[in-house]
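The values are calculated or read from the model by the stated rules, or taken from the named source; none is laboratory data. What you see is a predicted model; the values in this text were computed from it and never measured. Positions of Cβ are generated from backbone atoms using ideal geometry, with glycine treated the same way; all protein chains shown enter the neighbour counts. Only protein heavy atoms, including side chains, enter the accessible area calculation; ligands, DNA and RNA are left aside. Shrake-Rupley method; radii C 1.70, N 1.55, O 1.52, S 1.80 Å.
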Amino acid sequence: MILHGVTSVLPGCDVPGAVLTNARLADLVDEVRADLRRRGIDDPRPACAAEFPAERIGIEQRRVLDATSSVRDLAVTAAQRAVDAAGVDGARIRCVLVTTATPDQLVPALATTVHEELGLATDATAVDVTMGCSGFVAALDLADRFLATCPRGSLALVLAAEAMTRVMDAGDRNTCVVFGDGAGAALVEPDPARGRAVTMRTWGSCGPRIVIGAPAPSDELPAYRFVARAGRVEVRSDRSCQKRVVMDGRAVFRDMVRLVPETLATVLGDRLNDMDAFALHQANARLLESVADAPALQLDPERFLLNIATVGNTSSASIPILLAQARAAGRLAPGSRVALCGFGSGYSIGVAEVEVA
């Protein structure tokens, strides 16, 4: 599988938005706690020291999409940039796959909006994929299977667009320090010489450890959201609170430290040493360090691409953003072979072997 035109889109840089530093985040969490006290609500959750995200997770800042912008804006911008960067004729695009856990609306699918904006043919497929953090790799798997049925020269557009700050509770230190917003995209071309490029694994019984949904009836704490306007992030009470991220972070860390290296070793085998780089979902820098050092892998950490410090965990968008930034920084040369690994909600883990053009 060959990826062309890999590109990233970040709020506060490519679309309206703001950078949320750890220091500012800690202040906003304090504002939430103070507002709850004024309302006579006891908040048993811990405060957030400015040093906590960097020391425990490896995150120094994250991006917040401006309140006047939409996930559609992220997706359309990423799609157009990927097509322009790849320099391809839109007539070759036979499939649009958009992965997001934070759509602006459920219907119509975001992929159909991208399809319209690019002016693609009516017989080109357009589908949304809701897989959370492993979504980009899962979409590559679907693209690989679909392209096997298409005429030679066909391409798939695979993109991820996430506004995770819109489903986070700004008062929940377990999640509000972790996630950020962004998008990434690539044009996918099959590589018949290498055969199937993606392997997916699922542990559905563990899925409830990461949830984006309505708060439980027993959860009486109101939700707060980070809101970016004109380059500055504030915090606002969300009285409707239809969705929020709930995650058992310790259990997920413990499980993924074991499952990710085991899956990579099983899927890649001797090909581990053939990879020029590894681009794993940017969930937690400490987790990634443990994966690289796992007995099943024992890989040079320099081969693991990292950008979580500056963008945080952008869910399904993390891998394409990582690839685009590594390509721009010269970490990946044209023709580099990269092992991708998306993991998280579901639980699901996907491993893909790609060449970055």
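Could you list, in sequence order, all residues of the range 216-225 that are surrounded by fewer than 17 Cβ atoms within 10 Å (Cβ to Cβ) and of a type in the set (A, V, I, L, M, F, W, C)? Don't jump to the end; show me each part of the working.
First pass over the range 216-225, keeping only residues surrounded by fewer than 17 Cβ atoms within 10 Å (Cβ to Cβ): 216-220.
Ala216 - this is the single residue of the range 216-225 that is surrounded by fewer than 17 Cβ atoms within 10 Å (Cβ to Cβ) and of a type in the set (A, V, I, L, M, F, W, C).
Determine which member of the set Arg173, Arg196 is open to solvent by 10 Å² or more (accessible area, probe 1.4 Å) and under 30 Å from Val354 (Cβ atoms). Write out each step before concluding.
Details: Arg173 fails: under 30 Å from Val354 (Cβ atoms).
Unique residue meeting the criteria: Arg196.
Quick test of your reading of the structure: Leu332 fulfils all but one of (1) part of a loop (DSSP other than H, G, I, E, B); (2) open to solvent by 10 Å² or more (accessible area, probe 1.4 Å). Name the failing condition by number.
(2)
Give the residues of the range 44-79 that are charged (D, E, K, R), in contact with a strand residue (DSSP E or B) (Cβ under 6 Å, 6 or more places away or on another chain) and either open to solvent by less than 40 Å² (accessible area, probe 1.4 Å) or at pLDDT below 95 (or both), sorted by residue number. Can you show your working first?
Here is the first cut: in the range 44-79, the ones charged (D, E, K, R) are 45, 51, 55-56, 60, 62-63, 66, 72-73.
Now narrow it down to the ones that are in contact with a strand residue (DSSP E or B) (Cβ under 6 Å, 6 or more places away or on another chain): 62-63, 66, 73.
Passing the criteria: Arg62, Arg63, Asp66.
Determine if the range 175-189 includes at least one residue that is over 20 Å from Val88 (Cβ atoms), touching a strand residue (DSSP E or B) at 6+ places or on another chain (Cβ under 6 Å) and assigned to a loop (DSSP other than H, G, I, E, B).
Taking every residue of the range 175-189 in turn, at least one turns out to be over 20 Å from Val88 (Cβ atoms), touching a strand residue (DSSP E or B) at 6+ places or on another chain (Cβ under 6 Å) and assigned to a loop (DSSP other than H, G, I, E, B).
For the range 176-193, how many residues are of a type in the set (A, V, I, L, M, F, W, C) and open to solvent by 20 Å² or more (accessible area, probe 1.4 Å)? Let's see the steps before the verdict.
Pass one, the range 176-193, residues of a type in the set (A, V, I, L, M, F, W, C): 176-179, 183, 185-188, 193.
Restricting the remaining residues to those that are open to solvent by 20 Å² or more (accessible area, probe 1.4 Å) gives 193.
Counting residues in the range 176-193 that are of a type in the set (A, V, I, L, M, F, W, C) and open to solvent by 20 Å² or more (accessible area, probe 1.4 Å) gives 1.
Check Gly207, Gly213 and return the single one that is of a type in the set (Gly, Ala, Ser), within 18 Å of Cys176 (Cβ to Cβ), at pLDDT below 95 and loosely packed, with under 15 Cβ neighbours inside 10 Å.
Gly213
Considering only residues that are in contact (Cβ under 8 Å) with a residue 12 or more places away in the chain and open to solvent by 20 Å² or more (accessible area, probe 1.4 Å), which ones fall in the range 110-119? Reasoning before the result, please.
Quick first cut of the range 110-119, residues in contact (Cβ under 8 Å) with a residue 12 or more places away in the chain only: 110-115, 117-119.
If the condition is that a residue be in contact (Cβ under 8 Å) with a residue 12 or more places away in the chain and open to solvent by 20 Å² or more (accessible area, probe 1.4 Å), then Thr112, Thr113, His115, Glu117, Leu118, Gly119 are the ones that fit.
Could you list, in sequence order, the residues of the range 70-122 that are in contact with a His (Cβ under 6 Å, 6 or more places away or on another chain) and either assigned to a loop (DSSP other than H, G, I, E, B) or closer than 23 Å to Cys133 by Cβ (or both)? Break it down stepwise before answering.
Filtering the range 70-122 for residues in contact with a His (Cβ under 6 Å, 6 or more places away or on another chain) gives 86, 96.
Val96 - this is the single residue of the range 70-122 that is in contact with a His (Cβ under 6 Å, 6 or more places away or on another chain) and either assigned to a loop (DSSP other than H, G, I, E, B) or closer than 23 Å to Cys133 by Cβ (or both).
So which strands (runs of 3 or more DSSP E) stay within the range 223-263 end to end and still have 1 or more residues that are at pLDDT 95 or above? Before the answer, list the steps.
Values: elements: 223-229, 232-238, 244-247.
Output list reads 223-229, 232-238.
Arg232 - would you say it is in contact with a Pro (Cβ under 8 Å, 6 or more places away or on another chain) and open to solvent by 10 Å² or more (accessible area, probe 1.4 Å)? Show your work before the answer.
Working: in contact with a Pro (Cβ under 8 Å, 6 or more places away or on another chain): no; open to solvent by 10 Å² or more (accessible area, probe 1.4 Å): yes.
It is false that Arg232 is in contact with a Pro (Cβ under 8 Å, 6 or more places away or on another chain) and open to solvent by 10 Å² or more (accessible area, probe 1.4 Å).
Collect the residues in the range 16-69 that are of a type in the set (Gly, Ala, Ser) and in a loop (DSSP other than H, G, I, E, B), keeping them in residue-number order.
Here is the first cut: in the range 16-69, the residues of a type in the set (Gly, Ala, Ser) are 17-18, 23, 26, 34, 40, 47, 49-50, 54, 58, 67, 69.
Result: Gly40, Ala47, Ala49, Ala50, Gly58, Ala67, Ser69.
Need pairs with beta-carbon distance below 9 Å; first residue within 18 Å of Ala163 (Cα to Cα) and within the range 238-260, second among the hydroxyl-bearing types (Ser, Thr, Tyr) and surrounded by 13 or more Cβ atoms within 10 Å (Cβ to Cβ); sequence gap 6+ or separate chains.
Asp238/Tyr224; Lys243/Thr102; Arg244/Thr175; Val245/Thr175; Val246/Thr175; Met247/Thr175; Met247/Ser345
Which one of these is in contact with a helix residue (DSSP H, G or I) (Cβ under 7 Å, 6 or more places away or on another chain), over 21 Å from Phe136 (Cβ atoms) and not in a helix (DSSP H, G or I): Ala296, Ala283? Reasoning before the result, please.
Numbers: Ala283 fails: over 21 Å from Phe136 (Cβ atoms).
Answer to the selection: Ala296.
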